[in-house]
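The values are calculated or read from the model by the stated rules, or taken from the named source; none is laboratory data. Every value quoted in this text rests on a predicted model; they were computed, and no experiment measured them. Counting neighbours? That spans all protein chains shown, and the Cβs are built from the backbone with ideal geometry, glycine included. SASA here: full protein model, heavy atoms, side chains in, ligands and nucleic acids out. Shrake-Rupley method; radii C 1.70, N 1.55, O 1.52, S 1.80 Å.
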Amino acid sequence: MTDRQLALQAWESLFRAQHELLAAMSADFAGAPITQAEYDVLLTVVRAPGMTTRLRDITANSLISQPSVSRLVDRMVSRGLVDKATDPDDGRGAIVTATDAGARAFRVVAATHGRSIAERMSVLDDDEMRTLLALTERLRGS
């Protein structure tokens, strides 16, 4: 069995590192055309074939609850960032497609955010990043 105290220290360090990095990177969204939550939704939508995906896939890839994702997507529809339609294969579901404006806004923020991530991760060398990736995937059960 893992040493309990070591496990607690490792967890706290991981949690604090994530919190500090996310707080620092929130500056990437200051004055941006989309919020961090909208970026999270568009990340899934823009990467999907045809920039179209199911609402349930957005929820599965998001860090917020299903009702919150649904409300956020509805707000994004009203802002012209995405379109939403009934899923033709499942009338209970919805299909979300990025609009040209949504894809453009995503690309603007993605360039800045990508540089920010690369800069903050540069304290690790490639082997350390591969190790971090493997460890976090293992923790996530991937």
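A few remarks follow.
- Candidates L72, L8 - the one that is farther than 22 Å from V109 by Cβ and either modelled with pLDDT of 90 or more or among the small types (G, A, S) (or both): L8
- Qualifying residues in the stretch 74-93 (those that are in contact with a strand residue (DSSP E or B) (Cβ under 6 Å, 6 or more places away or on another chain) and closer than 26 Å to M25 by Cα) - the one surrounded by the most Cβ atoms within 10 Å (Cβ to Cβ): V82
- Looking only at the stretch 32-61, and only at residues there that are of a type in the set (S, T, Y) and open to solvent by 20 Å² or more (accessible area, probe 1.4 Å), the one that is nearest to V108 (Cα to Cα): Y39
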